[in-house]
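Heads up: the structure comes next, in structure tokens.
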Amino acid sequence: MLASQRHLFDVPRDVCYLNSASYSPLPLITLEAGRAAVGRKGRPWTLDAGFAHRQHERARAAAARLINADADDVVLIPAISYGVATMAKVLTIPRSSRVIVLENDHSSPLLEWHGRAEAQGFVVETVRQPADGDWTSAVLAAIERPGAPPVGLASISSVHWSDGGMIDVDAVQAALRRHGAMFVIDATQGAGVIAMDVKRLDPDAVLFPTYKWLIGPYGRAFLYVAKRHQGGVPLEQTSSGRRNVNSENPVYFGDLGYVDNARRYDMGERDHFISLEMASMGMEMMADWGAATVGERLAMLTQRIADGVRELGLNMLDHRLRAPHILSLGSAGGISKDLIARLAAENIYVAPRLGRMRISPHVFNDEEDTDRFVAVLAQNLR
């Protein structure tokens, strides 16, 4: 099993940080790279002509590697909301069809469709949070509901951010395919920890940022677009998305045709000299460890916590239904924010989420962290 990687991070021994589902810390080498990059931006004459392109392609390749995609199919974007807006412009949702979303899913894979439903003539159907925690069965039941309008699209997270419930995207994709429907996956809480192979799964789009599980900076994200959707009109009109619009050529607007791959959807102002390299480094580290290896370690840590709190009267999803790296604890009266604050006062950091306490360790955590959390939580509850 992968050992704790705490030595690669600036996490003091007295800090028990169990909140990577919100923000992960940056590795030490990434911190140094960021400092160097700030200095580089301070001396831009040191940048050679190919520097920006190399950064773009390094990040694109790193993101592609995480989901077994071709680099040509990966788009540089600033946020999940940008990527969903791009796909909403590219995809045609049949009129009188349904777009399936999850109750209390994060805003990005959900709000875009609410904003478009009336004008485009489809309805948004919300799959309610299941009492038994089985999100997959609830989504499949919605897709197959007798007498319902046809399904046009499912736009859902692969792991629900609030309770850690995991959706079986293979089963959902198989059901959608039988109905001729499309699938947009927000892998924010899964990329890098839960393996995904887009060549096998064949979704229409997959999105993920780097600031959570991919131990990278804020403001960098990536969008996989299936080849069948790479002929659309981008959200922004940029020179990089065209075949030949180049300020170094004698004729600036040489060829206005779009490039023939997902790069046409790249965001404008994409030369992020500071953060793009940092994003690449985090993704490369995660890919080197491998999702199976990381997931195994984090499953061990969350199960250790689950076993430790079993006698405290808290409820949690069965391990079969939750992601390996997120454990949400609830109680009949809900978890108070005061309890979260008391834990923080002792340098133990977790997150309040929809009345539950979300615990999300990463590779820098160890058994000492989990055991300390259990002991302090028990003391506070009693």
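The values are calculated or read from the model by the stated rules, or taken from the named source; none is laboratory data. Nothing here was measured: the structure is a model prediction, and the numbers come from that model. Counting neighbours? That spans all protein chains shown, and the Cβs are built from the backbone with ideal geometry, glycine included.
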Options Pro27, Pro78: the member that is under 16 Å from the mean Cα position of the chain (by Cα) and touching a residue at least 24 places away in the same chain (Cβ under 8 Å): Pro78
statement: Subset of the stretch 144-155, residues surrounded by fewer than 23 Cβ atoms within 10 Å (Cβ to Cβ) and either closer than 15 Å to Trp113 by Cβ or of a type outside the set (Asp, Glu) (or both), comes to Arg145, Pro146, Gly147, Ala148, Pro149, Pro150
message: Just the residues that are of a type in the set (Val, Ile, Thr) and in a helix (DSSP H, G or I), please, taken from the stretch 3-41.
response: Ile29, Thr30, Val38
field: Residue in the stretch 39-51 that is of a type outside the set (Asp, Glu) and closer than 30 Å to Pro361 by Cα present
entry: no
Of all residues making up the stretch 332-368, the number that are modelled with pLDDT of 95 or more, surrounded by fewer than 14 Cβ atoms within 10 Å (Cβ to Cβ) and small (Gly, Ala, Ser): 3
- line: Of (1) surrounded by fewer than 19 Cβ atoms within 10 Å (Cβ to Cβ); (2) outside any loop (DSSP other than H, G, I, E, B); (3) in contact with a helix residue (DSSP H, G or I) (Cβ under 7 Å, 6 or more places away or on another chain), Gly219 fails just (2)
message: With the requirement that a residue be of a type in the set (D, E, K, R) and modelled with pLDDT of 95 or more, what does the stretch 126-148 give you?
response: Arg128, Asp134, Glu144, Arg145
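Scan the stretch 85-124 residue by residue and report those that are of a type in the set (Val, Ile, Thr), in contact with a Pro (Cβ under 8 Å, 6 or more places away or on another chain) and crowded, with 18+ Cβ neighbours inside 10 Å. Steps first, answer last, please.
Here is the first cut: in the stretch 85-124, the residues of a type in the set (Val, Ile, Thr) are 86, 90, 92-93, 99-101, 123-124.
With the extra rule that they be in contact with a Pro (Cβ under 8 Å, 6 or more places away or on another chain), the set shrinks to 86, 101, 123.
Thr86, Val101 - these are the residues of the stretch 85-124 that are of a type in the set (Val, Ile, Thr), in contact with a Pro (Cβ under 8 Å, 6 or more places away or on another chain) and crowded, with 18+ Cβ neighbours inside 10 Å.
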message: I need every pair where a residue in the stretch 138-165 that is in contact (Cβ under 8 Å) with a residue 24 or more places away in the chain has its Cβ under 6 Å from the Cβ of a residue that is charged (D, E, K, R) and in a loop (DSSP other than H, G, I, E, B), sequence separation at least 6 or different chains.
response: Ser157/Asp105
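Suppose the filter is over 23 Å from Val169 (Cβ atoms) and loosely packed, with under 14 Cβ neighbours inside 10 Å; does Arg320 pass it? Full working, then the answer.
Numbers: over 23 Å from Val169 (Cβ atoms): no; loosely packed, with under 14 Cβ neighbours inside 10 Å: yes.
When the stated conditions are applied, Arg320 does not pass them.
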statement: By residue number, the members of the stretch 2-55 that are modelled with pLDDT of 95 or more, in contact with a Lys or Arg (Cβ under 9 Å, 6 or more places away or on another chain) and exposed (fewer than 11 other Cβ atoms within 10 Å of the Cβ) are Ala3, Arg13
query: Within the stretch 165-183, is even one residue buried (at least 23 other Cβ atoms within 10 Å of the Cβ) and modelled with pLDDT under 95?
result: no
- request: With the condition kept exactly as written, say whether any residue in the stretch 66-75 is more than 16 Å from Met283 (Cα to Cα), assigned by TED's automatic domain parsing to the domain that holds Ser155 and buried (at least 18 other Cβ atoms within 10 Å of the Cβ).
  value: yes
